[in-house]
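Please read the structure below before turning to the comments.
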Amino acid sequence: MAERFYTPAEANALLPSLRQALERIRDNQRALADDKSLAGVREKASHNGGGLPSRNLTQATQRLESDLKQLREWGIVLRDPSIGLIDFYGQRKGETVFLCWKLGEQRVEWWHPLNTGIAGRQKL
């Protein structure tokens, strides 16, 4: 998929939807990682399809995949789902850069070059 370029205003306009999606991604990843029944699911699945734990695991996986697909469709790069860190492609002084944002921040106020991570963030 080709990059979609955002202005800071366009990125900020998307934040309400992004917050919800990133919170669901974080929560579903935690739930999947913490699911102690995975071994039981595999055992049951080999006999009869897995039962309720398998269904819950499948639903969490489907929700996670749906939110990740939405981010890709928006052209947003997910950097760290545990803290909701994302990058939007943007332009600054004729150069392609990342507009950087994470859950808990009120608005997109940071950018960094493509070859640096969060450590290279600078104020817009």
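Here, each number is a calculation from the coordinates, and none is a lab measurement. All figures in this text were calculated on a predicted structure; none of them were measured in a lab. Cβ: placed from backbone, ideal geometry, glycine included. Neighbour counts: every protein chain shown.
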Sole miss for residue 107 among (1) under 14 Å from residue 17 (Cα atoms); (2) in a strand (DSSP E or B) is condition (2)
Restricting the range 57-82 to residues that are among the aliphatic types (A, V, I, L, M) and in contact with a strand residue (DSSP E or B) (Cβ under 6 Å, 6 or more places away or on another chain), the residue that is surrounded by the fewest Cβ atoms within 10 Å (Cβ to Cβ): 77
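Taking into account only those residues within the range 84-99 that are over 9 Å from the mean Cα position of the chain (by Cα) and either assigned to a helix (DSSP H, G or I) or of a type in the set (A, V, I, L, M) (or both), which is surrounded by the most Cβ atoms within 10 Å (Cβ to Cβ)?
Quick first cut of the range 84-99, residues over 9 Å from the mean Cα position of the chain (by Cα) only: 87-99.
Remaining after also requiring either assigned to a helix (DSSP H, G or I) or of a type in the set (A, V, I, L, M) (or both): 97, 99.
On the way: 97: 21, 99: 25.
Of everything passing the filter in the range 84-99, 99 is surrounded by the most Cβ atoms within 10 Å (Cβ to Cβ).
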